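Any read-out appearing in this document is the output of simple, stated calculations on the displayed coordinates, not a laboratory observation. Computed from a predicted structure; not experimentally measured. Don't worry about glycine lacking a Cβ; one is built from the backbone with ideal geometry, like all the others, and counts go over all protein chains shown.
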Amino acid sequence: MPENRWSMFNHGRVRKRFFGYVVAVWAAAVGTLWADNLVPEGALYLTHNKIFRSRFAAALIYPTEDGSFSSGNMEYDLDVGLLPFFRRYVFKDPNVEKAQRLSTRVGVAYLPDLRDVDNPAHETRGIFEITGRVPFGGSWLLSDRNKGDFRWIDGDYSARYRNRLRLEHSVALKSVKLTPYANAEAYYDFKVDQWNRADLTLGAEFPWRWSTILELYVTHFDNRHGADGRSWGVVFQKHLVTKPRGGT
């Protein structure tokens, strides 16, 4: 019986699932001890055809010192992919958007204030993005995202521009596949007419089979008019197809 159990553990699917559980528990433990905020997230991607894709996302922010959730995020986006290219894969990435030289995103988000305060600052946000991508070296990908946030916080309107550069590299270590990446993002707030925030992020995506990605990241954020700190995020992504990708 022990030999049968060991042979089952050596099965590729069981081993990868066990690895995913270990990574998730480790990430939660390290984040609790080290980060100022824990950010659990989930995202469902539905690819409709070669051009259009829907994204449903939700997240919570948990300040480790307060011991309760401070805010959330519920979001719907429509992605429009343009200028596809043939990407040389180290492994098949479930995120088909990475094979688009240019893509746009329009969306809407609701960010509830979950703090126990007299005047919570709930936010409704309109989103518009344009992202360009340049592959090089076979398994490297450089992307430049330009994003506009159109924000209504308790009826008070403001706008913000965000520019993010991301460099990623897909690797395969025997049966473990991953994509480490680094982000740098700057924020320009039109309400105060200045660059007032910068984020630096290191993370990795772990694809599983053909439709699932577990993403872990840590972000250091620097606010000109607020508190600096670190966020530790765990993201579960599911990528599904509502129509064969060869459809139109």
- Could you list, in their original order, any pairs among LYS50/LYS147; LYS50/LYS92; LYS50/LYS191; LYS174/LYS238 whose Cα atoms are separated by more than 28 Å? LYS50/LYS191
- Fewest to most neighbouring Cβ within 10 Å: what's the order for TYR45, TYR157? TYR157, TYR45
- Message: Give me, ordered by chain and number, the residues 5 or more places off SER71 or on other chains with an amide H under 5 Å from its own placed amide H.
- Response: ILE61, LEU114
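Mind checking the range 32-123 for GluC sites (Glu not before Pro) that DSSP puts in a loop (not H, G, I, E or B) and that have at most 10 other Cβ atoms within 10 Å?
GLU65
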- Task: Could you work out the relative contact order of the range 109-204, using alpha carbon pairs under 8 angstrom and six or more residues apart, expressed as a whole percent?
- Result: 18 percent
- Over the range 34-178, what is the relative contact order in whole percent, taking alpha-carbon pairs under 8 Å and six or more residues apart? 15 percent
